[in-house]
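The values are calculated or read from the model by the stated rules, or taken from the named source; none is laboratory data. Just so it is clear, the structure is predicted and the values come from calculations on it, not from any experiment. No Cβ is skipped: glycine too gets one built from the backbone with ideal geometry, and neighbour counts run over all protein chains shown.
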Amino acid sequence: MASYSTNEFRGGLKVLLDGDPCIMLENEFVKPGKGQAFNRVRLRNLMTNRVWDRTFKSGESLEAADVIDQDMEYLYTDGEFWHFMLTDGSFEQYPADAKAVGDTVKWLKEQDVYTVTLYNGAPLTVTPPNFVELEVVDTDPGMKGDTAQGGSKPATLSTGAVVNVPLFITIGEVLKVDTRSGDYVSRVKGG
Amino acid sequence: MTEESAWRPSASPAALKSRAQQLAFARGFFAEREVLEVETPVLAQHGVTDVNLDGVAADVSAAGREGGWLQTSPEYHMKRLLAAGSGSIYQVSKVFRNGERGRRHNPEFSMLEWYRVGYDDTALMADVADLVCGWLDCARPVQVSYRDAMLAWAKVDPFEISDEDLRRCCEQWLEPDQIAELDRDGCLDLLMSFSVEPNLGRDSPEFIVGYPASQAALARVSVVDGHPVAHRFELYVDGLELCNGYWELVDASEQRRRFEADNRLRQQSGKPDMALDEAFLDAVETGLPDCAGVALGLDRLLMLKLGTRDIAEVLAFPFERA
């Protein structure tokens with residue numbers, strides 16, 4: 001198994017710590033004058049999402065975690081698993097459980113492409129693209145007139161996500177939504 | 001850092017200008033005091049034996065000689081000049097330390113090193129204070145002993161605490177198996193780095209003096225309050241370590257013993273032996289004049305001048321862009 005020594009530590013490195021895959025967020029090198037060097041490292045445990053601060057002596061090493069990000073197309077859910085397919089032409093399919101899908105479930109649209117993080121070959125997390133385009137399936141009737149006027153109302157999208165939208169939005173329209181904030185961005189023409 | 005901007009310097013034009021002014025200030029400082037500017041090799045046959053310093057090996061071949069080291073400090077060559085009768089000297093030099101990169105470290109950095117013949121550590125500290133305070137326009141440093149700094153911030157008496165109790169103090173940062181691999185100085189270094197250093201020089205600059213003899217490096221050792229302590233000092237300004245100075249060891253056989261002890265420690269920590277620099281030892285043997293010397297990090301001095309917390313802001317091209 002590959003491993004990384006303290007000299008190779010950097011943000012973004014995926015390593016095994018206490019048996020769990022972690023991503024290195026920050027690495028600070030400290031060394032007093034002529035003395036022993038240490039690396040103060042901040043990591044996020046990819047299993048629990050908890051952030052850990054750990055210290056390593058210069059020369060120590062951590063095992064690399066078999067974690068890779070892959071683009072996959074969302075296919076369907078059977079109620080227990082959400083099925084994704086690699087977009088590299090291999091058509092290989094991966095079932096992700098509810099824990100891996102997490103909050104992303106409300107942005108899942110069939111045939112859209114998501115980043116699936118595999119750990120030891122199985123989906124660990126599913127990350128939506130920063131922006132998705134989804135159809136409004138329910139909202140209060142649209143208001144005619146000044147589209148620049150303030151005010152908002154909730155709208156339910158085809159995936160079940162509920163977002164605040166301007167008052168002029170009507171059922172059947174397709175919206176661009178920022179998945180990081182859950183905010184409405186714009187209407188999509190020709191939706 | 002995006003791909004498109006990777007060619008650009010990370011220091012602002014103002015920082016580059018300030019660097020040039022700092023260099024002119026330092027040169028003026030030494031010219032006024034009639035200290036001679038010298039240049040010694042950056043690429044040389046020998047590296048240092050220090051357990052915690054890794055040089056950058058050079059794959060060089062010329063005149064029938066193979067291999068060498070980029071210097072971690074110009075110390076050995078400057079002492080050869082001193083032994084040859086140069087009188088007081090200074091040097092602005094690029095030095096190299098493998099593996100060191102952080103907000104305060106870059107593998108290649110600028111060092112100002114100087115030696116004053118006839119000075120001891122106390123006299124040299126006054127010199128350092130003149131230079132640093134003259135440039136930074138800060139309060140003059142106070143002297144605090146290593147022991148008092150440890151007692152104040154880490155609640156540890158570095159000369160009296162048992163190995164066992166010292167190890168226990170490290171549990172806040174390290175797992176038991178990591179602590180088991182640390183020697184006494186390693187434990188003290190951990191406390192120094194995480195408990196003590198961030199607090200040093202906060203109100204006004206502080207010289208830390210009286211290091212344990214085990215951390216003497218190339219400094220003389222005296223007995224103070226029944227404990228052997230090194231005539232070594234470091235200057236801290238706002239939690240940032242700026243320089244490391246010694247009342248220089250002039251005893252060649254003691255110097256050789258320390259080099260050999262270094263190599264034993266290197267073996268224990270799985271590092272390769274470093275061949276002893278016999279030319280340097282010969283120079284000390286011939287007679288190093290009584291002198292004190294100090295190495296000051298010029299990039300860090302500039303960080304303090306400009307109030308930056310990241311060395312990349314004062315380097316034209318840090319390691320990632322070099």
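The residues of the stretch A:112-126 that are touching a residue at least 60 places away in the same chain (Cβ under 8 Å) and under 12 Å from the mean Cα position of the chain (by Cα), listed by number, are A:T117, A:L124, A:T125. Of all the residues in the stretch B:198-217, those that are surrounded by 23 or more Cβ atoms within 10 Å (Cβ to Cβ), within 11 Å of another protein chain (Cβ to nearest Cβ) and in contact with a Leu (Cβ under 9 Å, 6 or more places away or on another chain) number 2.
Quick one: in the stretch B:220-249, which of the residues that are over 13 Å from B:A295 (Cα atoms) and in contact with a Phe, Trp or Tyr (Cβ under 6 Å, 6 or more places away or on another chain) is farthest from the other protein chains (Cβ to nearest Cβ)? Ranking the qualifying residues of the stretch B:220-249, first place goes to B:H227. Annotation: B:L265 fulfils all but one of (1) assigned to a helix (DSSP H, G or I); (2) modelled with pLDDT of 95 or more; (3) within 14 Å of another protein chain (Cβ to nearest Cβ); the unmet one is (2). The residue that is nearest to the other protein chains (Cβ to nearest Cβ), counting only those in the stretch A:41-53 that are surrounded by 18 or more Cβ atoms within 10 Å (Cβ to Cβ) and in a strand (DSSP E or B), is A:V41. Evaluation of A:G35 against the conditions (1) part of a strand (DSSP E or B); (2) within 13 Å of chain B (Cβ to nearest Cβ) shows that the sole unmet condition is (1).
Considering the stretch B:1-59, and only residues there that are hydroxyl-bearing (S, T, Y) and within 19 Å of the chain's Cα centre (by Cα), the residue that is surrounded by the fewest Cβ atoms within 10 Å (Cβ to Cβ) turns out to be B:T40. The single condition among (1) surrounded by 15 or more Cβ atoms within 10 Å (Cβ to Cβ); (2) part of a strand (DSSP E or B); (3) of a type outside the set (D, E, K, R); (4) away from chain A (no Cβ under 14 Å) that B:F259 does not satisfy is (2).
Need the failing condition index for B:L188 against (1) touching a residue at least 24 places away in the same chain (Cβ under 8 Å); (2) surrounded by fewer than 19 Cβ atoms within 10 Å (Cβ to Cβ); (3) within 11 Å of another protein chain (Cβ to nearest Cβ), just the number. All conditions are met except number (2). For A:P21, the criteria (1) within 14 Å of chain B (Cβ to nearest Cβ); (2) surrounded by 17 or more Cβ atoms within 10 Å (Cβ to Cβ) hold in every case but one, which is (1).
Just so you know, in the stretch A:55-68 the residues that are under 15 Å from A:Y4 (Cα atoms) and in a strand (DSSP E or B) include one that is nearest to the other protein chains (Cβ to nearest Cβ), and it is A:T55.
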